[in-house]
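The structure appears right after this line, and notes come after that.
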Amino acid sequence: MNSISKKTVTRSLLGLAIVFGCIIDSGRILQYQASIQARQAEAAQNQAEQTSEESRLTKAQSDSKTALDRAKSGCVAVVLTQNNKPARFQNKARVWDAQTFPANPKTPRFDKQGNPINGVQPMPPGITVCNQFGDTAITTEGGFLSKIYRVEANKLQEFRSNLK
């Protein structure tokens, strides 16, 4: 008969202890794996948010440069109002050619639905317009604003110095 050495018995008992410990602690091991996966998912989400923020900042800087270039090349300063207060440019807002307004300020320019009357005309398409808030836009058919770009707050003084 083969004799079993102490070394073999010790190794076998140690192996059984490890297997038995793993069976007993399998719940903790699964929890640990789940926590590692949660941390990895959180790290991936943080990385995605950081990348998104960086791309947003890059786009804002690019938009700001475009707005500043438009002001430097000459834009028509307009005042867009909302509730009789100056407002920022918004998509699909309309701007009107002030030169087509009636000479008498008491003559109505728009009817109750906001449609132009008494010869008021929208700005022609392709005109670059800007305002005091650092917004620039291109007019389309019907005087609608499109391709709106805004200057960054730290460049607003430079932008305003280029307005006519």
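The values are calculated or read from the model by the stated rules, or taken from the named source; none is laboratory data. For clarity, every value in this text was computed on a predicted model and none was experimentally measured. Methodologically, a virtual Cβ is constructed for each residue, glycine included, from the backbone with ideal geometry; neighbour enumeration extends over all protein chains shown.
Farther than 21 Å from Asp69 by Cα and either surrounded by 10 or more Cβ atoms within 10 Å (Cβ to Cβ) or touching a strand residue (DSSP E or B) at 6+ places or on another chain (Cβ under 9 Å) (or both) - does that describe any residue in segment 127-141? Among the residues of segment 127-141, at least one is farther than 21 Å from Asp69 by Cα and either surrounded by 10 or more Cβ atoms within 10 Å (Cβ to Cβ) or touching a strand residue (DSSP E or B) at 6+ places or on another chain (Cβ under 9 Å) (or both), which makes the answer yes. Taking (1) surrounded by 14 or more Cβ atoms within 10 Å (Cβ to Cβ); (2) under 16 Å from Val76 (Cα atoms) in turn, Val120 satisfies each apart from (2). The condition of being in a helix (DSSP H, G or I), of a type in the set (Ser, Thr, Tyr) and at pLDDT 85 or above holds for only one of Ser64, Ser55, that being Ser64.
What do you reckon, is Lys155 buried (at least 16 other Cβ atoms within 10 Å of the Cβ) and within 15 Å of Asp63 (Cβ to Cβ)?
Yes, satisfied.
For segment 35-91, taking the residues that are among the basic types (Lys, Arg) and surrounded by 10 or more Cβ atoms within 10 Å (Cβ to Cβ), the one that is farthest from Gly134 (Cα to Cα) is identified as Arg39.
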